[in-house]
Amino acid sequence: MLTMRPATPDDQPGLAAMIQARSDWMKANQLPSWHSWGRHVHELAGNCTRHPCEMWVLTEHGGRILGCTTVLRTSAPWTWTAAEAAETAYYLNGTVTDPAERHRKLGTLIADWAVDRAAREGISRVRRDCSSPALAEYYQQQNFQLIRKVSTLGGHTSYALERKAEEVPELASWLVPGINPTGISGRWRAPLVGSARSNMAGAVGYFSRSFRGAAEVSLSM
């Protein structure tokens, strides 16, 4: 069985090893963003110390880290409208999985977990964006709907996608239930009124790093 749990600072070495493996896999497969991943391995892994209530890790029996994602309360401000930002939504960013486990479709599993958790927490949808058309197509295979394409500063194109929150009963055969440490769930269930404003500065910094390459392509097949 697999477990999805909040990341801790102790996860940093395992996260760095997994993200480095993904970077090496991207280089071997001649994907253009591998060098950005290689430069930002430790920055990405360090999110477990900077964002302990937002970063989650997928582990298997014995504690080996197979994947990770960061769940934010605020979407990229240049991708979603003010009205959309006021809606209840979780935003997935920086999803990475171990390339040696691609046959297990762990990226899809993480997406299903987020959609299921959002539904159980009373959140209406899960969103994500990316700057890669191939990645946008992959997310659509995970039942995310392409909402729009946005041209951003610096000549980037951002693809905005969302998926309706719903319970996914099939997860019970893959994930250990009930991983819900004290203080995590309560924070997530807090009212979202004004959250876009209060989190905006942090979100701008986080997503700006994404477009510099730190989390631009979160291939997680």
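The values are calculated or read from the model by the stated rules, or taken from the named source; none is laboratory data. Treat the numbers as computed from the prediction; the structure is a model and nothing was measured. For neighbour counting, all protein chains shown are included, and Cβ atoms are generated from backbone atoms with ideal geometry for every residue, glycine included. Just the protein is used for accessible areas: all its heavy atoms, side chains included, with ligands, DNA and RNA removed. Shrake-Rupley method; radii C 1.70, N 1.55, O 1.52, S 1.80 Å.
So for segment 121-138 (the condition being within 26 Å of W25 (Cα to Cα), in a loop (DSSP other than H, G, I, E, B) and out of contact with any strand residue (DSSP E or B) (no Cβ under 7 Å at 6 or more places or on another chain)), does at least one residue qualify? The answer is yes, given that some residue of segment 121-138 is within 26 Å of W25 (Cα to Cα), in a loop (DSSP other than H, G, I, E, B) and out of contact with any strand residue (DSSP E or B) (no Cβ under 7 Å at 6 or more places or on another chain).
Within segment 155-177, residues that are in contact (Cβ under 8 Å) with a residue 60 or more places away in the chain and more than 18 Å from Y139 (Cα to Cα) have Cβ atoms under 9 Å from residues that are of a type in the set (S, T, N, Q) and open to solvent by 20 Å² or more (accessible area, probe 1.4 Å) in these pairs: L175/T3; V176/T3, counting only partners at least 6 apart in sequence or on another chain.
Does G122 satisfy the criteria of being at pLDDT below 95 and loosely packed, with under 14 Cβ neighbours inside 10 Å? No: the conditions fail for G122.
Can you list residue pairs whose Cβ atoms sit under 6 Å apart, with the first residue in segment 130-154 being among the β-branched types (V, I, T) and the second being open to solvent by 70 Å² or more (accessible area, probe 1.4 Å) and assigned to a loop (DSSP other than H, G, I, E, B)? Count only pairs 6 or more apart in sequence or on different chains. As it stands, the answer is T152/W78, since those pairs meet every condition given. Screening E84 with (1) at pLDDT 90 or above; (2) of a type outside the set (G, A, S); (3) open to solvent by less than 10 Å² (accessible area, probe 1.4 Å); (4) in a helix (DSSP H, G or I) gives one miss only, at (3).
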